[in-house]
Structure formats: C-alpha cells, structure tokens
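Enquirer: A single structure is presented below for examination.
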Amino acid sequence: MRILKWLVGGLLVVALLLGGAFVWGVQRVSRARAARVEALGPLLARATAVASLSPEEACLVVEGHYMKRSTVLTADCRRATLEVTGPGVVKFRGLVVADAWDDALLGGGYVPTLCLSKGPRGWEVAGFSHQLLDCQFDAPTGPEPAKEALAQVERRRRAWVDDAFVAVRDALTRPASDKAVCEGLPALSKWDVLVLDADLLGEDLSSRLQRTTRIGDMLGYQCIPAMMGQGLNLGPCAANQFISHVVVIDDIDERPLEVVGSRYSGGRYAAMVKLVDVRKHEVLCQREVSFQLPEKLLLVKRQDLNSEYRKQVRAALHQAVEQLTQGSLTAEF
C-alpha cells in the first residue's frame, strides 16, 4: 500500500510539473509573440517597399502576413528559398507557421509555399502557389492583389481549354492523317491531354444523346454552351495546365443498346480515335476502333448488359489510345 501511495504521489508531482511547464511555455510564447508583432512594424515597412526581395525580406513580408492572424502563435523563417516567376512576382517557401500550442512550444508547424507580388502597396502575399499555377501571373496593379492574381489564373486556365477546342475544330477540317501510330511522342501526363467526343463541339447534340456510350459529358456540362440546357453547370471550365494534345473520338457510329426479353439490338460501336496537336492544329495520327457485344454475355449478365457494354467499349477505346501513342499516354475517361 505504501508503494502505491508513493506511485500515486509521484504521478501527481509529475503532472503538476508538466502542467506548470506548459503554463510557463504558453506565457513565454505569448510574450515573445507580442514583442515580435511590435518589432515587425518598421521591419515590414522597409521590406515591402524594396524594389526586389531578398530571402530575408521575403521572410518578413510573409511573417507579417501570418502574424496578423490571432490564431497564429509563432512564425519562424528557416532555409528560405525564393524563385522569381515574373516581373514583380516570386515564389517563396521557408516560413514555419504554428497555430497549435504543441507546435509552438516544440518548434513544429507547417511550411506553406506562397506567391508574393509587388503592387501599389508594395510586396504582399497573393496566395498559395498551388492555387495560382505555381505563381504564373502578372503583378497585380489594383488594391486587391489576391483577387486579381486569382482572376488572372482563372482566365488563363479557361483559355487553355478554349484553345484546345479551337485546335480540334480546325484540325478536323483538314485532310485526315494517314498514320495509325504517332511516333516520337514525349510522355504525356493526364494533365496535358483532354479526351473529347468530337460531336460535343457541334451545334446539334440530339443524336449524341441517344447513344449508349458517351465520353466527356462532365467536360461538356462545364464548357460547352450547347449542353447547358441538358444538365447542371458543374463548375468552371478550366485546366490545371496548358493542354498540349487532345484525344478526339470522331465519326462515331453507335445505335442505342436496347434489351427486349431475351434479345437485344445494337451493341455495336465504331469510331475513329485521333490525336490532335493543340499548337499545330493538326491530327497527328488516327486509328479505327470497333466493338461488338458478344451475344453470350446476354445469357450471363442480362441485368448488367448496358454496364458491361460501356465497360467493354471504353476498354477498346483505351487500347486504341495506347496503340495510337505507343504507350506514351494512358488517358482517363
């Protein structure tokens, strides 16, 4: 029993010491924060007014930005890096921001990557790098640099999709390619490429809407005015980066798949898959693709026939894209 009392007493002493240390730490951080905010005033005024930022001055600009928030407890610059992305615009990383007491007391926190821009009021934080195309925008000239930078980026992202549409329309008016394989292509990421049903760019979508398989409806609802009446506008028409190529599914021949009793009609898909170079407005290569739904599937998967058919058509289209690009592209659709 005596040993148990000692253990309980010992634990109580440890708890009191830890609690006291935590309170002392909180008071220390609070005093240091107040002193730093007061000292930042003249330092920040000089840093925001310079013509070009050094890493140390950028640290001050970003620290001042974060220390204005009451939720931020500490902001400490470590190994700051600065990259100029345009006149009056830089990408910055290196400030460790703590808004939780355990981080503030133990020296932890998160490290945001930010865009800084020089405007009428001097250098300011325009926003996060991942939201501003890695800081690819012109230095704002108005009173709200963050809103102006974001608007610039949004216009650029929308323009990339519009440029791709223009390139496809133009390319499809030119003579067809005689190449079934695009040779010498670089590796293409899914962000560089759109997959587009050519009929989406036409004025009459009625025949397309009767098909069993449709590719690109999400893109259409967001970007194609003719489709707005067919569904909900799901968001901005924008790309994450410049679109270098478009996979176009053209000359589609597909009757609706209809199941009546133990029989079905349709189930055949034929199309031409084309790869368009957006910069050249040119079809680089094209390949026929076709699929016929085997009748035996009706006996095995009668209830899931439509789903199985769409799955098989998309698999055939994926295979055609892979053959067309010699494995340089695995398109998502």
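The values are calculated or read from the model by the stated rules, or taken from the named source; none is laboratory data. Everything quoted here is computed from the prediction, not taken from an experiment. Note that we place each Cβ from the backbone using ideal geometry, even for glycine, and neighbour counts take in every protein chain shown. Quick note on the areas: whole protein, heavy atoms, side chains included, nothing else; ligands and nucleic acids left out. Shrake-Rupley method; radii C 1.70, N 1.55, O 1.52, S 1.80 Å.
Enquirer: Suppose we filter VAL84, VAL61, VAL96 for residues that are among the β-branched types (Val, Ile, Thr), part of a helix (DSSP H, G or I) and either surrounded by 13 or more Cβ atoms within 10 Å (Cβ to Cβ) or at pLDDT 90 or above (or both); which single one remains?
Expert: VAL61
Enquirer: If you take the residues in region 278-307 that are among the acidic types (Asp, Glu) and modelled with pLDDT of 85 or more, which one is surrounded by the most Cβ atoms within 10 Å (Cβ to Cβ)?
Expert: Per the stated criteria, the residue is GLU282.
Enquirer: Something else about it: Out of region 203-224, which residues are in a loop (DSSP other than H, G, I, E, B) and open to solvent by 30 Å² or more (accessible area, probe 1.4 Å)?
Expert: GLU203, ASP204, GLN210, ARG214
Enquirer: Would you point out the residue of region 112-160, among those that are in a helix (DSSP H, G or I) and small (Gly, Ala, Ser), that is nearest to THR81 (Cα to Cα)?
Expert: SER129
Enquirer: On to the next question. Scan region 173-188 residue by residue and report those that are touching a residue at least 40 places away in the same chain (Cβ under 8 Å) and open to solvent by 60 Å² or more (accessible area, probe 1.4 Å).
Expert: ARG174, ALA176, LYS179, GLU183, PRO186, ALA187
Enquirer: Another one. What strands (runs of 3 or more DSSP E) completely inside region 227-277 contain at least 2 residues that are modelled with pLDDT of 85 or more, surrounded by 21 or more Cβ atoms within 10 Å (Cβ to Cβ) and not acidic (Asp, Glu)?
Expert: Correct list: 245-254, 268-277.
Enquirer: Okay, moving on. Quick one: in region 100-132, of everything that is touching a helix residue (DSSP H, G or I) at 6+ places or on another chain (Cβ under 9 Å), aromatic (Phe, Trp, Tyr) and open to solvent by 20 Å² or more (accessible area, probe 1.4 Å), which residue is modelled with the highest pLDDT?
Expert: TYR110
Enquirer: What do you reckon, is THR48 of a type outside the set (A, V, I, L, M), outside any strand (DSSP E or B) and either on the phi < 0 side of the Ramachandran plot or touching a residue at least 12 places away in the same chain (Cβ under 8 Å) (or both)?
Expert: Yes: the conditions hold for THR48.
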